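Working notes, beginning with the structure itself.
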Amino acid sequence: MTEATGIVGEFFSLKEGTDAELLAMQCGDFYEFFGEDAETVSDELDLKVSQKSSHGSSYPMAGVPLDDLTPYLKALVERGYRVAVADQYETESGHAREIQRVVTPGTLLETSDADAQYLAAVVDGGSGSDPRYGLAFADVTTGRFLVAEAADTDAALTELYRFDPVEVLPGPDSRTDDDLLGTVRERIDAALTLHETEAFAPKRAAHAVREQFGRETVERLSVGPEATAAAGAILAYVEETGAGVLASMTRIQAHHGDDHVTLDATTQRNLELTETMQGEREGSLFATIDHTETSAGGRLLKEWLQRPRRALETLEQRQESVAALSSAALERDEIQDTLDEAYDLARLASKATHGSADARDLLAVRETLAVLPALAETIDSTPNLADSPLAGIIDRPDRAAAADLREALEDAIADDPPSTVTQGELLQYGYDDDLDEVIDRHEEVKQWLDTLDEREKRQHGLSHVTVDRNKTDGYYIQVGKSAADGVPDHYEQVKTLKNSKRFTTDDLEEKEREILRLEEQRGELEYDLFEALRDDVAERAELLQDVGRALAAVDALASLATHAAENRWVKPGLHRGDALDIDQGRHPVVEQTTEFVPNDVRLDGEDRGFLVVTGPNMSGKSTYMRQVACIVLLAQIGSFVPAKEAEIGLVDGIFTRVGALDELAQGRSTFMVEMSELSNILHTATEESLVVLDEVGRGTATYDGISIAWAATEYLHNEVAAKTLFATHYHELTGLAENLPRVANVHVAADERDGDVTFLRAVRDGPTDRSYGIHVADLAGVPGPVVDRARDVLTRLREEKAIEAKGGDAGEPVQTVFDVGSGQFRGPANADGGETSTTGQTAEDHRSSGSERAGGSRSSSEASDGAPTDTAESDDIDPETEAVLDDLEELDVNATPPVELITKVQEWQEKLSE
Ligand code: ADP
Ligand code: MG
């Protein structure tokens, strides 16, 4: 690049001093981008590029008008750019420019989105094998600031996923942590910013946190040095980017995982809490239950969903409010109408502290503060509501202080102020004596000017006279052409138009000078007064946040009540025991669009703590299990639930895992991921957790899958003792109910008549009795003769005792004999199911690993069944049987005509019965 001088040179030297990707530099009435920046911006935002020549070279240039920067800035930041903004200021020798802000996704104040906008920092303080994380989360638009701690990478990810930050600052040691950052990149749509490492230095960070929140507060928080470092780094970052909202961060809170139901990232996604698997908002649990009136209320409700609680008292309090509101329909309407008037106080407080609030914003503060007493009136005058915790919520903010501030604003802000703050008319008459004087004089002169046309007409007998002003001519008297010749001598002509002439007079010129002076005076005076007022408001940021929180809470509770009333949800009984008893439960989202068949769920701590859910494909297994998880989750945000009646034992965590096969269809997951998530559940779940496993193990070959499912079931049952629902198409697992005391079978019923399957969607006790693969083939339109033949083959294969009953005694499972899905016949001798191996050796290997994990308790005596067991060598099998097995392995079912297949089977049967 050639040496640029002048404006372009200034641009490049400013650009050099910032790590932002783009620079917007003020040049008079425009913000300009030069060079590559101009090209990037024009590509992204369709701006026109022109050329700016500077000392013989020419540079691309793109600009936006001063007042239009915000939407462009937002668009660029949303596309992932960090944008520096350099403002111009006057110096003695002309203009100078300086970077005032670097706007990043996490420090964007101009957001119009109602969602929380968290900036996060993660610090790893542990050693390599023993990580220990501290996290901090700040929303510059609302001043919310939280710290959290996590014992391992998964827990850290859980917190990150929960807050769903838009920008993440990894600490020095976390930058090489691929486990963490890889997942953040994949799962969270956040910009990763490498902020200077000194900001994370423990001493410096701790100092920053104490300065911001006060020494005592920080001590009371009692979080480790990692969380403090994360918090300090965020404060430094917010300060350095120039967002200027540190003052709105009035309090720091510790987010204790222990107070909340653990919801790992996968579970939040599986349950489609805030977006569907396809990434749509519509159809998520949040979108379904959200009837909030305000954006702050919506944010809070979403936060509740993402962070369900464990404490019975907290939940019962919310329930009481929801109950009171749901039974007071009229008052609820009234409350919601009132809330409709409310603006986002936390955001307004941030704007005030940043100095970007205009008079309309302060008007919004005033109007929103008036919502509080209005709500209080409705609540206090309705006995039902007055006796509920709602009354306490409304009383939590300092209402007297809020009323004072509202009155102060009522006396100050004009009723319909402009959006500019420099041109006056922001404030009310009577607010300030000096201002009143200026206003009086201003109004007087305006009055004089407003009536000038009438006076001139009268005095000089003129018709067609108007008085107006514009930029070039200033004030003028315009006289229609016909009358223009009759103007008095002291009229001085300034312009001739087609149908009229413009004049001025000495008097008019004097008034013009006066009015310009007064306008300037008024603008400056009002701006000064307004700024002082805005500073007053900024100083009450904490009060505004308190009031905002109270309004948001009422809004969120009213939303829960509305949804409950409109959808016949009921208040669940909550207790600390293990039992879960849901009478006629429904899936909260599916019931919106489907004639839903309600289902019961019964779990207790004793002999029914683990349900194996079987049933044909598409019968409703996944829906049933998600319904259970959603109902428990809703109960733990204090909501009513979709059921006829429910008694819910509180859980400390909800864990779900959907088998990789189901996820693979969406190109999301691999078997490796499935297993590492299963591992996470086995490590993290406790006996107070709810675990939902959906077709886990399905992502691998059949016998691998069964073995894993089997072993996981045993572990969950014996070691973890979590409340579990496990949907599986491995019919074999239903046998577990007989061995493990807390395991029970349920199945989703399907009705079969005349060979047709009707899904009843009804969940009943006991295992499903058959495989429905063939029915699915039928439904899919496979020709009738083939379906009939398949049925026939299946029946015969099943009847084939030698192959079917190889499990051993009654309590042992029956191994799959014919996999309709793959069209392969799979005996235990070919457990892997993949190749058709003919050597006994390979088959034995698979067999033994499979059943060891599966049953674990077989003895060689069971080999008398004629089946190979883990201790049996292949030469234990009599040659006849072996011949059949070999034959069997070699047979290609797909390539053999059904008739031949039947003949073969009959042949084997005869051989074996010999
Ligand atoms: P599975 O997991 O057994 O294959 P799904 O749970 O995916 O079955 O359900 C299949 C379909 O049936 C879905 O479209 C779902 O909306 C519908 N469905 C499931 N349960 C019910 C129910 N109780 N009432 C009505 N429709 C249901
Ligand atoms: Mg399913």
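In whole percent, what relative contact order does region 118-257 give with Cα contacts below 8 Å and a gap of six or more residues?
So the answer I get is 32 percent.
With runs of 4+ DSSP H residues as the only contributors, calculate the mean residue ellipticity of the chain at 222 nm using -39,500 (n - 2.57) per run, divided by the residue total and rounded to the nearest 500.
Result for the chain: -13500 deg cm²/dmol, rounded to the nearest 500.
What translational diffusion coefficient, to the nearest whole µm²/s, does region 374-494 have by Stokes-Einstein, given a Kirkwood radius computed over alpha-carbon pairs, a temperature of 4 °C and 1.567 mPa s viscosity?
Here the translational diffusion coefficient equals 65 µm²/s.
Calculate the FRET efficiency for Arg210 and His575 from the Cβ-Cβ distance with a Förster distance of 41 Å, rounded to the nearest 0.05.
0.45
Relative contact order of region 573-782: what whole-number percent is it, with Cα pairs under 8 angstrom and at least 6 residues apart?
27 percent
Cα-Cα pairs above 20 Å in region 118-257: how many percent?
Cα-Cα pairs in region 118-257 separated by more than 20 Å: 37 percent.
Can I get the semi-axes of region 573-782's equivalent ellipsoid? Compute them from the C-alpha gyration tensor as square roots of 5 times the eigenvalues, in angstrom, largest first.
25, 22, 17
How large is log10 I(q)/I(0) at q = 0.10 Å⁻¹ when the Debye formula is applied to the Cα atoms of the chain, each weighted equally and without solvent?
For the chain at q = 0.10 Å⁻¹, log10 I(q)/I(0) is -1.18.
State, as an integer percentage, the relative contact order of the chain based on alpha-carbon contacts under 8 Å between residues 6 or more apart.
8 percent
Run the quick spin-label model on Arg220 and Leu181: label points 7 Å from Cα toward the beta carbon, then report their separation in nm to one decimal.
3.7 nm
Based on the mean of other Cβ atoms within 10 Å per residue, sort peptides 542-548, 8-14 so the most packed one is first.
542-548, 8-14
Over the Cα atoms of region 186-280, what is the Rg over Rh ratio if Rh follows Kirkwood?
1.05
With each pseudo-label sitting 7 Å past Cα toward Cβ, what's the Phe30-Glu280 distance in nm, one decimal?
4.3 nm
Could you pull the Cα extents of region 7-103 along its three principal axes, largest to smallest, in whole Å?
Answer, in whole Å and largest first: 38, 29, 25 Å.
If you take every DSSP beta bridge fully contained in the chain, what fraction is antiparallel? Give it as a percent rounded to 5.
65 percent
Quick note: the coordinates plus some simple rules give every number you see, no bench work behind them. The structure presented is a predicted model; accordingly, all values stated were derived computationally and were not measured. When we count neighbours, we look across all protein chains shown, and the Cβ atoms used for this are built from the backbone with ideal geometry, even at glycine.
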